């Protein structure tokens with residue numbers, strides 16, 4: 001039972017029982033006589049009568065029995081209010097008609113129950129990771145309006161915009177992403193080649209940090225279920241492979257074979273073979289998340305097929321006090337079609353990739369026998 005509702009109804013009960021010609025409740029003033037009772041729980045009860053005689057007649061009523069009667073009416077009103085849409089209801093009761101033999105039964109009792117639903121208006125303005133304003137205006141049902149202004153913090157829990165994006169991304173079943181792979185190339189499973197001048201077997205090496213790999217990826221992905229960690233993805237990829245030679249060597253394209261020749265007349269600052277290919281990777285990725293939905297670990301595997309669309313060699317050297325750059329385009333007896341395997345590994349926001357070509361870089365008996373291994377860092381949402 002709610003004290004505020006109980007005492008308000010009690011005042012109406014006492015007022016209507018003071019006289020057979022009861023009139024509506026009115027504030028104290030004019031010729032009215034008033035009794036104001038303040039209870040310990042900060043609830044007040046006001047009794048208004050037309051004259052002192054009506055106030056004296058109050059002692060004829062037994063307040064204990066009236067309170068018991070009123071308690072039943074309040075219970076009925078609260079039950080009806082819980083079924084209304086806004087929690088508010090007004091009910092009228094007529095005890096004197098229900099019990100005509102009673103001389104002290106009130107003529108009318110009106111009980112009003114108002115809903116105590118919390119209403120909150122919240123506005124957020126986020127202008128960056130560290131700056132934001134949250135304005136909250138709430139009415140908690142006790143008649144008090146509260147307005148609070150909070151500055152957004154830099155913590156992950158307070159960044160509601162980031163949480164909203166993470167939640168939206170976590171629930172998506174399909175999508176697309178753009179990514180960039182940056183890494184290095186190495187030639188594996190190499191075999192010695194015959195020098196074109198001496199006819200002897202020789203080896204060759206690549207510059208580790210000069211033989212760079214870059215690829216631009218467009219991924220179209222699909223998730224196997226709303227709460228599944230398994231994603232499938234495919235999409236076109238443009239890859240750029242650079243093979244830079246060590247030891248003052250250069251690539252020479254012959255009629256039937258690619259030769260790697262050591263130059264004794266010039267000193268090369270750079271000597272490389274560059275290729276451009278269009279690939280189609282296909283794979284699957286497992287994404288594991290923490291309790292907040294943030295990705296913690298990613299494991300991926302797949303394969304690719306591709307086609308070489310361009311290739312050229314580039315030499316950089318000094319001659320007669322000036323820097324020369326020679327660039328020659330050609331096929332250089334490279335394999336046009338290529339295929340291989342891919343793997344990825346990521347922790348939090350850091351991802352690594354590896355890409356292994358199953359076929360040789362050059363055509364059979366047209367160049368050195370070797371396969372390409374690319375590895376590095378991935379910048380992507382997949």
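The values are calculated or read from the model by the stated rules, or taken from the named source; none is laboratory data. Fair warning: this is a prediction, and the values are worked out from it, not measured in the lab. We place every Cβ from the backbone using ideal geometry, glycine too, and count neighbours over all the protein chains shown.
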Scanning the stretch 284-293 for residues that are without any contact (Cβ under 8 Å) to a residue 60 or more places away in the chain, surrounded by fewer than 17 Cβ atoms within 10 Å (Cβ to Cβ) and in contact with a strand residue (DSSP E or B) (Cβ under 9 Å, 6 or more places away or on another chain) gives 284, 286, 288, 290
Taking the stretch 294-325 as the region of interest, how many residues are without any contact (Cβ under 8 Å) to a residue 40 or more places away in the chain and either surrounded by 14 or more Cβ atoms within 10 Å (Cβ to Cβ) or not in a strand (DSSP E or B) (or both)?
-> 6
Reported set for the stretch 368-382 where residues are loosely packed, with under 15 Cβ neighbours inside 10 Å and assigned to a strand (DSSP E or B) is 377, 379
Taking residue 85 and the conditions (1) over 56 Å from the mean Cα position of the chain (by Cα); (2) modelled with pLDDT under 70; (3) loosely packed, with under 11 Cβ neighbours inside 10 Å, which numbered condition does it fall short on, given that it satisfies the others?
-> (1)
Of all residues in the stretch 353-367, which are within 38 Å of the chain's Cα centre (by Cα) and assigned to a loop (DSSP other than H, G, I, E, B)?
-> none
Going through the stretch 263-283 in order, the residues found to be without any contact (Cβ under 8 Å) to a residue 40 or more places away in the chain and either more than 26 Å from residue 357 (Cβ to Cβ) or not assigned by TED's automatic domain parsing to the domain that holds residue 302 (or both) are 263, 264, 265
Count - residues of the stretch 219-254 that are closer than 25 Å to residue 361 by Cβ and part of a strand (DSSP E or B) | 15
Out of (1) over 30 Å from residue 174 (Cα atoms); (2) at pLDDT below 90, what's the single condition that is false for residue 206?
-> (2)
Hey, any hits in the stretch 354-367 for a residue that's surrounded by 14 or more Cβ atoms within 10 Å (Cβ to Cβ), touching a strand residue (DSSP E or B) at 6+ places or on another chain (Cβ under 9 Å) and modelled with pLDDT under 90?
-> yes
